[in-house]
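Here the structure comes first, spelled out in structure tokens, and everything after it is commentary.
The values are calculated or read from the model by the stated rules, or taken from the named source; none is laboratory data. Given the structure is predicted, the values throughout are model-derived calculations rather than measurements. Counting neighbours? That spans all protein chains shown, and the Cβs are built from the backbone with ideal geometry, glycine included.
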Amino acid sequence: MGSRIRTTVLLSLLTVVIMWVGRMIGGTPGMIFALLIAGGFNFFSYWYSDKMVLKMYRAKPVNRQDAPELYSLVEDLTSKAGLPMPKLYIIPQQSPNAFATGRNPENAVVAVTQGLIQYMNRDELAGVLAHELGHIKNRDMLIQTIAATMAGAVMMLATLARWSAIFGGLGGGDDDEGGGIIGLLVMSIIAPLAAMLIQMGISRSREYLADRTSAEITGNSEGLASALEKLGAYSKQIPMQAEPATAHMFIANPLSGKSMMNLFSTHPPLEKRIARLTGSGSGFGQNSGNAPEKKTMGEQAKNFWDRMS
């Protein structure tokens, strides 16, 4: 419940930031304009972001015939989670990672990289897949899309404010409602940083919640903990070709090899997530003994990619 309350508070703060930016630009009309811009961004992202990100990573749809073991594992986990079966995609990259997308559980997608199937055993793969199903169950795709697009709207409006301050338009004067030139310049620096930090806080909160949900679905927190260790190691050995705008979607930060990206990571440190899962920190690690049977999927992955190539 703490993660859900924190997310609500942070989304409210992000809305306040957007309203503040709009008011600084053009008073009350500017505030309304800012909200309309954010609403337009969210509408577009709600309907089209899943298609865009799948195309961006050249993800290929798969069915039961293409990847029977992977499909069966997801089918079993969705049944335990009480969710409809999502569409499955595989990303042709060796760096192990995964993400979920889609506007609701009925139109959800789970995408995994080729490397994830090759490098994870069955317990680990189940933990990762259950984590992504946790995002679907908790409606995180919608929440994180809203946060990302609202943060993007703040940054766009802040840029507009900076230029308006320079050229003395769009509320750049010292009126009662606008912020004045100095106020606009200060806001154009502070607002994007605040939006980025709030988005980061929302994303980190939802990652912890999805980790917890994964442990509940599988009845085994050790599988995901082991997978996160491998993801951390492989992200340094096999960098992923990823766009910063989509980094928050993945189970592990695909940009973790870049030090500046680490500073503003949308993901909690892997060490903290593992500690929570294993119970070595103030976490929720429990193992009910209902873990899936261990079975490597390397052979299936090799055969699958031989057929697809």
Completion exercise
Residue hits (the range 114-151; buried (at least 21 other Cβ atoms within 10 Å of the Cβ) and not in a helix (DSSP H, G or I)) are Met120
Practice task
Hey, can you tell me all the residues within the range 218-240 that are of a type in the set (A, V, I, L, M, F, W, C) and either crowded, with 24+ Cβ neighbours inside 10 Å or not in a helix (DSSP H, G or I) (or both)?
Solution key: Leu224, Ala225, Ala227, Leu231, Ile238, Met240
Completion exercise
Of the conditions (1) part of a helix (DSSP H, G or I); (2) modelled with pLDDT under 75; (3) surrounded by fewer than 21 Cβ atoms within 10 Å (Cβ to Cβ), the single one that Asp174 does not satisfy is (1)
Completion exercise
(1) surrounded by 18 or more Cβ atoms within 10 Å (Cβ to Cβ); (2) under 16 Å from the mean Cα position of the chain (by Cα) all hold for Asn104 apart from (1)
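Would you please name the residue that is surrounded by the fewest Cβ atoms within 10 Å (Cβ to Cβ), looking only at residues in the range 61-90 that are touching a strand residue (DSSP E or B) at 6+ places or on another chain (Cβ under 8 Å) and under 26 Å from Ile146 (Cα atoms)?
Pro61
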Practice task
Return the pairs, sorted by first residue and then second, in which the second residue is assigned to a helix (DSSP H, G or I) and modelled with pLDDT under 95, the first residue lies in the range 58-83 and is within 19 Å of Leu116 (Cβ to Cβ) and of a type in the set (Asp, Glu), the beta carbons are less than 9 Å apart, and the residues are 6+ apart or on different chains.
Solution key: Asp66/Phe304; Asp66/Arg307; Asp66/Met308; Glu69/Gln300
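Does Ala38 meet the test of being more than 16 Å from Thr145 (Cα to Cα) and either in contact (Cβ under 8 Å) with a residue 60 or more places away in the chain or outside any helix (DSSP H, G or I) (or both)?
Details: more than 16 Å from Thr145 (Cα to Cα): no; either in contact (Cβ under 8 Å) with a residue 60 or more places away in the chain or outside any helix (DSSP H, G or I) (or both): yes.
Criteria not met by Ala38.
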Fill in the blank from the handout: Checked against (1) over 18 Å from Ala242 (Cβ atoms); (2) modelled with pLDDT under 80; (3) under 20 Å from the mean Cα position of the chain (by Cα); (4) not basic (Lys, Arg), Thr78 satisfies every condition except (2)
